[in-house]
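Student: Just dropping this structure here.
The values are calculated or read from the model by the stated rules, or taken from the named source; none is laboratory data. Everything numeric here is computed off the predicted structure, so don't read it as measured data. When we count neighbours, we look across all protein chains shown, and the Cβ atoms used for this are built from the backbone with ideal geometry, even at glycine.
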C-alpha cells in the first residue's frame, strides 16, 4: 500500500497523530505536497463523504475524519505554501443572524476544507453586513449561509439584499442550506444554489468554481 493510500485509510479512521506522522514521512521521502494533499488527504475525505452519501458512514465518523484532515493539513501547510499550491477557491461561510446552531455549519466547513477550498468561517449569529465585508476582504468566490430555524430562514433574503444594496451581488455565487431551507426558497429570495447536506455542498463548489 502506498503512503498516499495509508494516509487516506488512517484519515477515515480519525487517527490524527498517525495521519500527521505519515504526512511527515511522505514529505521526508521527498513526495510533493500537492500529491500528498490530493492523493492522500483529499482522497480520504472524499471516500468517507461518498460512504456518508450511501448511508455507510455517520456524522461522528465524518467529523473525526475531518479533524484528522485538519491535523494533516497542519503538517502540510508550510510545504504547500513553499510549493505555491493554491486552494481551489475561497468560500465565506456563516450561520445567519439570530441562529446559534453550528454543528451543520461546522460539518460543511470541514467538508469544504477537505475538498481543497479555503473557507472563511464567520461563526454563528452573523449579520448581513459581515457576510459582505468578509466576501470583499477575502475576494471570495462563494458566500454560503446556514439557517436551521424557520424563524431565521428569512434572514437569507436580508443577506442577499445587502449584497444588492452594496452593488456587489453579481460578484458572488450565493449558496444556502439548513433543515427548513429548500431549493425553491433559495431561488425565491434571490440566492443561486441550495444543497441539502455537507457533502453536496462541497460537491456543488466544484460545479460553481472551475
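Student: Tally up the residues in the stretch 160-174 that are more than 17 Å from residue 139 (Cβ to Cβ) and in contact with a strand residue (DSSP E or B) (Cβ under 8 Å, 6 or more places away or on another chain), please. Steps first, please.
Tutor: Residues of the stretch 160-174 that are more than 17 Å from residue 139 (Cβ to Cβ), as a first pass: 160-162, 164-165.
Imposing the further condition that a residue be in contact with a strand residue (DSSP E or B) (Cβ under 8 Å, 6 or more places away or on another chain) reduces the set to 160.
Residues that pass the stated criteria total 1.
Student: Give me the residue from the stretch 115-139 that is in a loop (DSSP other than H, G, I, E, B) and modelled with pLDDT of 95 or more and, out of that set, surrounded by the fewest Cβ atoms within 10 Å (Cβ to Cβ). Spell out the reasoning first.
Tutor: First, pick out the residues of the stretch 115-139 that are in a loop (DSSP other than H, G, I, E, B): 115-117, 122-125, 127, 138-139.
Now drop any that are not modelled with pLDDT of 95 or more, which leaves 122-125, 127, 138-139.
Working: 122: 20, 123: 13, 124: 18, 125: 16, 127: 17, 138: 14, 139: 9.
For the stretch 115-139, the residue satisfying everything is 139.
Student: A further question follows. Go over the candidates 102, 50 one by one and state the one that is under 19 Å from residue 202 (Cβ atoms), over 12 Å from the mean Cα position of the chain (by Cα) and assigned by TED's automatic domain parsing to the domain that holds residue 176. Working first, answer last.
Tutor: On the way: 50 fails: assigned by TED's automatic domain parsing to the domain that holds residue 176.
Testing whether each residue is under 19 Å from residue 202 (Cβ atoms), over 12 Å from the mean Cα position of the chain (by Cα) and assigned by TED's automatic domain parsing to the domain that holds residue 176 leaves just 102.
Student: Still on this structure: For the stretch 163-179, check the following and say yes or no: at least one residue is farther than 26 Å from residue 42 by Cβ, surrounded by fewer than 16 Cβ atoms within 10 Å (Cβ to Cβ) and either modelled with pLDDT under 95 or under 17 Å from the mean Cα position of the chain (by Cα) (or both).
Tutor: Yes, some residue in the stretch 163-179 is farther than 26 Å from residue 42 by Cβ, surrounded by fewer than 16 Cβ atoms within 10 Å (Cβ to Cβ) and either modelled with pLDDT under 95 or under 17 Å from the mean Cα position of the chain (by Cα) (or both).
Student: Now, a different point. Kindly evaluate residue 93 against the criterion of being at pLDDT 95 or above and under 25 Å from residue 142 (Cα atoms). Don't jump to the end; show me each part of the working.
Tutor: Working: at pLDDT 95 or above: yes; under 25 Å from residue 142 (Cα atoms): yes.
Yes, satisfied.
Student: Say whether the condition of being within 20 Å of residue 83 (Cα to Cα), free of Cβ contacts under 8 Å to residues at least 12 places away in the same chain and more than 18 Å from the chain's Cα centre (by Cα) is met by at least one residue in the stretch 9-20.
Tutor: So far as the stretch 9-20 goes, no, none of its residues is within 20 Å of residue 83 (Cα to Cα), free of Cβ contacts under 8 Å to residues at least 12 places away in the same chain and more than 18 Å from the chain's Cα centre (by Cα).
Student: Same structure, new question: Considering the stretch 180-199 alone, what residues qualify as being on the phi > 0 side of the Ramachandran plot and buried (at least 17 other Cβ atoms within 10 Å of the Cβ)? Full working, then the answer.
Tutor: Here is the first cut: in the stretch 180-199, the residues on the phi > 0 side of the Ramachandran plot are 190.
Across the stretch 180-199, there are no qualifying residues.
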